[in-house]
Amino acid sequence: MKMIFVSNNWSDAHQQTRLKALAKLKVSILCIAVRREYYKVNSPYFPIIIGNVAHGRYTKRIGIYVRLLHQLSKNVVSKDCLYVLGFDLMMVSLIFRFFSGNKIKIIYEVPDVREMFFATSIRGNLIRWVERSAIPKIDLLVVTSPDFLTHYFVGLRKIPIQNSLIIENKIHPTDNENPHPELITEIPDLNRKIRIGYFGVLRCPASLDCLIKLSQNGKYEIILRGIFMPLTRHYEKAILDKKHMHYLGPYQAPQDLKFNYSTVDIVWAAYPFSDRAIGNHLYARTNRFYESLYFKKPFIVQEGTSDAKTAKMLGNIALEINLKNEEETIKFLCQNLTPDKLSILGKNMFTIPKEKYQITNEYNDLETWLQLNR
């Protein structure tokens with residue numbers, strides 16, 4: 001038995017982390033991947049590249065699907081296992097299994113639910129019908145947020161699930177050095193500006209607009225590091241003349257995480273804002289949530305999200321905002337982003353159990369499933 005790791009974004013740090021963890025399960029792995037305009041990746045694995053895509057351009061992916069089918073027909077035999085990321089690539093995998101007749105297992109991981117699955121259009125209805133038909137045929141559904149399983153697939157969509165496993169975006173112990181107390185930045189000088197860090201994929205216009213206005217207050221310094229998306233790319237130029245905003249460019253995860261978090265006092269972990277009543281923003285979990293807990297940095301979350309609900313359950317460790325009202329958000333942050341408040345939140349971070357932000361036995365459960373399904 002070998003595992004075919006099918007990646008819809010080879011440069012994605014999450015997918016590279018997942019691949020490294022899977023490689024430790026003592027299973028032979030072959031990688032088939034799609035490239036995107038994203039972070040540069042330094043991976044020890046050499047995938048079969050089946051194409052390059054731009055974000056969201058599904059109509060231009062026919063060639064990728066054909067090449068995936070070709071590679072699967074060349075490399076997959078009965079009793080192999082496919083670990084697939086990306087709904088469209090999962091559908092191609094199911095089609096291959098049906099027509100090839102190979103007795104293979106398909107594991108489908110869901111790190112996000114695309115907004116098209118919530119659309120009220122004919123296209124939205126069609127994709128939901130396809131989803132409802134396909135998901136029960138998956139041998140194992142892996143989700144990165146408990147809410148995807150309980151609130152989306154089961155609660156909202158009423159889709160029967162064969163087998164499921166939750167592997168959150170927690171820190172993998174071997175990926176980072178253990179954080180040390182000296183990493184925690186105190187604020188000894190009351191005149192020093194409080195530093196707010198926004199790291200990762202800088203995709204949220206509402207967050208960037210709010211941070212720009214907050215930087216004009218004179219009390220705060222904004223540190224941006226990561227990559228802008230097409231929707232937010234113009235912000236890179238827009239912030240050049242902003243005195244208290246600094247864009248430090250892309251970074252490598254997990255190598256640069258410790259440096260990123262050591263430079264700030266609080267982390268902007270708000271999930272990209274959406275004013276829709278229902279959508280991915282209600283279920284998904286951000287990497288910044290777990291990274292903030294790991295590096296003992298207080299953080300800012302968007303009201304109504306899974307991160308906000310979880311932070312509230314863990315205790316007084318975060319500030320909750322609602323980007324729907326930018327004026328009220330800025331007023332709230334100006335009142336609460338103080339040295340005294342940050343000191344309280346920072347001390348509370350040390351009370352959070354390690355298993356809330358660090359991987360423990362999740363991969364043992366996956367390994368057990370693989371052994372039982374050889």
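The values are calculated or read from the model by the stated rules, or taken from the named source; none is laboratory data. As the structure is a computational prediction, the values presented were derived from the model and not from experiment. Every residue, glycine as well, gets a Cβ built from its backbone with ideal geometry; the counts of neighbours run over all protein chains shown. What goes into the accessible areas is simple: the full protein's heavy atoms, side chains included, and nothing from ligands, DNA or RNA. Shrake-Rupley method; radii C 1.70, N 1.55, O 1.52, S 1.80 Å.
Sorting check: for 64-77, 199-212, which peptide has the highest mean count of neighbouring beta carbons within 10 Å, and how do the rest follow?
Highest to lowest by the protection proxy: 199-212, 64-77.
Report, to the nearest whole %, how much of the accessible area of the chain belongs to carbon and sulfur atoms, 1.4 Å probe, protein only.
Carbon and sulfur: 53 percent of the exposed surface of the chain.
Please give the length that would be gained between LEU231 and SER43 if that part of the chain were fully extended, namely 0.36 nm times their separation in residues minus their C-alpha to C-alpha distance (nm, one decimal).
Extending this stretch completely gives an extra 64.9 nm.
On a 1.4 Å probe surface of the protein chains, which of GLU115, GLU109 comes out largest in accessible area, and what is the full order?
Reading off the accessible areas and sorting them downward yields GLU115, GLU109.
For the chain, with the dipole built from +1 on Lys and Arg beta-carbon atoms and -1 on Asp and Glu ones, taken about the Cα centre, which of ASN361, TYR108, SER133 lies farthest toward the positive end?
Highest projection toward the positive end goes to SER133.
Calculate the dipole size of the chain relative to its Cα centre from +1 charges on Lys and Arg beta carbons and -1 charges on Asp and Glu beta carbons; express the result in debye to the nearest 20.
The dipole magnitude comes to about 1120 debye.
For the stretch 245-324 and the stretch 99-171, compute the distance between their C-alpha centroids and round to whole Å.
Measuring centre to centre over Cα atoms gives 24 Å.
Can you give the calculated 222 nm mean residue ellipticity of the chain, where each DSSP H run of n ≥ 4 adds -39,500 (n - 2.57) and the sum is split over every residue, rounded to the nearest 500 deg cm²/dmol?
-9500 deg cm²/dmol
Quick check on my link table: of LYS193/LYS296; LYS20/LYS60; LYS26/LYS258; LYS213/LYS296; LYS219/LYS354, which ones sit more than 22 Å apart, alpha carbon to alpha carbon?
Too far apart for the 22 Å limit: LYS20/LYS60; LYS26/LYS258; LYS213/LYS296; LYS219/LYS354.
Please determine, in degrees from 0 to 90 and to the nearest 10, the orientation of helix 205-215 with respect to the longest principal axis defined by the Cα atoms of the chain, where the helix direction is its Cα long axis.
Once rounded, the angle reads 20 degrees.
Please work out the average accessible area per residue across the chain, using the 1.4 Å probe convention, and give it in Å².
On a per-residue basis, the chain sits at 47 Å².
Using Cα positions and a limit of under 16 Å, work out the aspartates and glutamates in reach of LYS341, with same-chain residues fewer than 8 apart set aside.
List returned: GLU186, ASP189, ASP265, GLU320.
Who wins for biggest fluctuation among SER93, SER11, SER28 in a Gaussian network model of the chain, springs between alpha carbons below 10 Å?
SER28
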